[in-house]
1. Among the residues of the range 61-77, which ones are of a type in the set (Lys, Arg) and part of a helix (DSSP H, G or I)?
2. Quick one: count up the residues across the range 150-167 that are assigned to a helix (DSSP H, G or I), surrounded by fewer than 14 Cβ atoms within 10 Å (Cβ to Cβ) and either small (Gly, Ala, Ser) or under 16 Å from the mean Cα position of the chain (by Cα) (or both).
3. If we keep just the residues of the range 128-145 that are among the polar types (S, T, N, Q) and in a helix (DSSP H, G or I), which is nearest to the chain's Cα centre (by Cα)?
4. How many residues are assigned to a strand (DSSP E or B), open to solvent by 50 Å² or more (accessible area, probe 1.4 Å) and among the hydrophobic types (A, V, I, L, M, F, W, C) when one looks only at the range 78-119?
5. Within the range 76-84, does at least one residue satisfy the condition of being under 19 Å from HIS106 (Cα atoms), of a type outside the set (D, E, K, R) and modelled with pLDDT of 90 or more?
6. Cβ contacts < 9 Å: first residue open to solvent by 80 Å² or more (accessible area, probe 1.4 Å), restricted to the range 47-74; second residue of a type in the set (Val, Ile, Thr), any location; separation 6+ or different chain. Result?
7. Restricting the search to the range 69-102, which residues are under 17 Å from GLY113 (Cα atoms) and either more than 9 Å from the chain's Cα centre (by Cα) or not hydroxyl-bearing (Ser, Thr, Tyr) (or both)?
Amino acid sequence: MTITITIDSDCVNHLDISPALKVIDPLLRENAIAFGTSLGSIASYEQQLHFDIQYGLELGDPRELSEIPELRLWFVRLDAKYPWLPFLLNWKSGELSRYAAMLVPHEFSAKQGIKYNPEALEIFLMHKVFTLSDWLKQQGLPSQSRLKSMAQILGYDLVDSFFEIFS
């Protein structure tokens, strides 16, 4: 089941994250009711979220969506509200990479595609690993394999001993 959040230019230009709130908050309420029964229902929404971004570019504007400052700011605001959001993103369809591109400085290359600023990507990844580790524990969900998979999508390998440091 794919869950879609549609955002348009008006939402972006007014930093209105209500389309995301309308989708994510009911999932959290449902999880709060179900928590304590097996793993809680939030797990059933893992990697199901997709963004339908309907942001109009002027004809001939060559920018990628992640190069539009207003759109990036909208995602920064969303990330501040839900710092654990990567758990819900559909990684297989590229949502995690696109989400990272909204939050991490990068450049586009015709030959190599997206090239993240390496230090910024490391900081982003470590922030998400720590945030998600704590959040997954609160949800009663195992975290290590999920976090290792997330890191791999972004080009990093986390070793088991890393998790022993902060467990």
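1. Applying the first criterion (of a type in the set (Lys, Arg)) to the range 61-77 yields 63, 72, 77.
Those that are of a type in the set (Lys, Arg) and part of a helix (DSSP H, G or I): ARG72, ARG77.
2. 2
3. Start the filter on the range 128-145 by keeping residues that are among the polar types (S, T, N, Q), which leaves 131, 133, 138-139, 143-145.
In the following step, the residues that additionally are in a helix (DSSP H, G or I) were identified as 131, 133, 138-139, 144-145.
Working: THR131: 12, SER133: 14, GLN138: 18, GLN139: 17, GLN144: 17, SER145: 17 Å.
Taking the candidates together, the pick is THR131.
4. Of the range 78-119, the ones assigned to a strand (DSSP E or B) are 89, 106-109, 113-116.
Cutting the leftovers down to open to solvent by 50 Å² or more (accessible area, probe 1.4 Å) gives us 107-108, 114-115.
From what's left, among the hydrophobic types (A, V, I, L, M, F, W, C): 108, 114.
Summing the residues that are assigned to a strand (DSSP E or B), open to solvent by 50 Å² or more (accessible area, probe 1.4 Å) and among the hydrophobic types (A, V, I, L, M, F, W, C) in the range 78-119 gives 2.
5. Yes; the residues of the range 76-84 include at least one that is under 19 Å from HIS106 (Cα atoms), of a type outside the set (D, E, K, R) and modelled with pLDDT of 90 or more.
6. These pairs meet every condition: GLN54/THR6; GLN54/ILE7; GLU64/ILE114; GLU70/VAL12; LEU73/VAL12.
7. Keep residues of the range 69-102 that are under 17 Å from GLY113 (Cα atoms), which gives 93-102.
Once the filter is applied, which keeps residues that are under 17 Å from GLY113 (Cα atoms) and either more than 9 Å from the chain's Cα centre (by Cα) or not hydroxyl-bearing (Ser, Thr, Tyr) (or both), the range 69-102 yields SER93, GLY94, GLU95, LEU96, ARG98, ALA100, ALA101, MET102.
Condition check ((1) in contact (Cβ under 8 Å) with a residue 24 or more places away in the chain; (2) among the basic types (Lys, Arg); (3) closer than 28 Å to GLN112 by Cβ) across all residues:
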residue	(1), (2), (3)
PHE124	yes, no, yes
VAL129	yes, no, yes
SER133	yes, no, no
GLN139	yes, no, no
PRO142	no, no, no
SER145	no, no, no
SER149	yes, no, yes
GLN152	no, no, yes
ASP160	no, no, no
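The values are calculated or read from the model by the stated rules, or taken from the named source; none is laboratory data. The shown structure was predicted, so the numbers you read here are calculated from the model rather than taken from an experiment. Backbone-built Cβ (ideal geometry, glycine too); neighbour counts: all protein chains shown. Side chains are part of the model used for accessible areas, which takes the heavy atoms of the whole protein and leaves out ligands, DNA and RNA. Shrake-Rupley method; radii C 1.70, N 1.55, O 1.52, S 1.80 Å.
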